[in-house]
Amino acid sequence: MKGTKPLKQLKLAVPAQETPVDKFLTASGTFQDGDLRLNQRGLRLISEEKETRTPDAEEVDMQFALEDLETIKVIGKGSGGVVQLVRHKWMGTLYALKGIQMNIQETVRKQIVQELKINQASLCPHIVVCYHSFYHNGVISLVLEYMDRGSLADIIKQVKTILEPYLAVLCKQVLEGLVYLHHERHVIHRDIKPSNLLVNHKGEVKITDFGVSAVLASSMGQRDTFVGTYNYMSPERISGSSYDYKSDIWSLGLVILECAIGRFPYIPSEEEEGWLSFYELLEAIVDQPAPCAPPDQFSPEFCSFVSACIQKDPQQRLSSLELLNHPFIKKFEDKDIDLGILVSSLDPPVNVVD
Ligand code: ATP
Ligand code: MG
């Protein structure tokens, strides 16, 4: 074209890539790979653009040095490590600090990046916030929002069963979390189970652990030491087929049914002692008819809700969005049911001593 010089083709030299593993914990203690930065002060997802525009991102990190957190007590133990109640020495804020023993590998790092992405920008009140994460001496520590009434697993240990109105209120909140993950973030949780649904004294229910601990633990060869992890897996997933968002819906259905009937649905009766082996469980989930709520003990709305979740064919299951509009959820929506009153009447999972 007249007046314009032909564009020269620019050739850029691409520096040789070191393998990521070699970069970990160098003398400077910092590893950076794309938008993931890892050092002794923490593991952060930093958008390159954002970092150049906000030079004080590092200072924000500094507010969360691990030594600024003092332990109050251990509040839980999972397959990957312990969860402690901690207090920030200067701010006085309480957090749950979850430690996970690990050797970082490429695939695992991708999972962590995903978790950080979800949590950093979490605009959903039904997802537990992960404020920060640290990596030090082979342990990843996640600084999580503290949920002072523990998990649904703690609650059902005490109350045995939860009545339908409370279940509807609880379920609505979990579904709102799932709608956010599935429809806005486009991620599958992969590990919906009672211990990953946390509750606070206000009666708020939030989802935690986006399958990261499972991935981390399996990367350490601990698959066989998992207790309960496979229980809520959908037939397609436990049998190794491809799976999608609907896999989380199956898990939710089993959790809700368990809360209603007071036992894990695949264990036939209270008298049945012992735990199913992995193969017995696999066979039950894949070959037996899907469990359902007994219609003589529960409302038609509840039975229909459970069966909309626990369908062996994932295509037959409703989506999180559809379930939010299910008559079971709608039935109790305007009834002013306070889950906070229920959870506050129970023994707290931990006594905070000032
Ligand atoms: P697994 O590791 O097999 O998935 P899990 O979910 O029980 O099992 P963790 O995620 O390590 O393992 O949690 C252990 C326990 O710690 C939970 O059951 C819960 O009682 C408690 N817990 C976890 N996160 C928090 C939190 N943010 N606030 C309060 N308690 C928490
Ligand atoms: Mg958990």
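The values are calculated or read from the model by the stated rules, or taken from the named source; none is laboratory data. Computed from a predicted structure; not experimentally measured. Neighbour counts run over all protein chains shown; Cβ positions are idealised from the backbone, glycine included. SASA here: full protein model, heavy atoms, side chains in, ligands and nucleic acids out. Shrake-Rupley method; radii C 1.70, N 1.55, O 1.52, S 1.80 Å.
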Practice item. Considering only segment 320-346, state which residues are open to solvent by less than 60 Å² (accessible area, probe 1.4 Å) and in a loop (DSSP other than H, G, I, E, B). Key: His326, Phe332, Ile337, Leu346
Check your understanding: For segment 138-154, what are the residues that are open to solvent by 10 Å² or more (accessible area, probe 1.4 Å) and among the β-branched types (Val, Ile, Thr)?
Key -> Val139
Practice item. Could you tell me whether segment 135-151 includes any residue that is touching a strand residue (DSSP E or B) at 6+ places or on another chain (Cβ under 9 Å) and under 18 Å from Asp248 (Cα atoms)? Key: yes
Review point. Picking from Ser195, Ser277, Ser251, Ser218, which residue would you name as being modelled with pLDDT of 60 or more, within 15 Å of ligand 2 (Cβ to nearest atom) and open to solvent by 40 Å² or more (accessible area, probe 1.4 Å)?
Key: Ser195
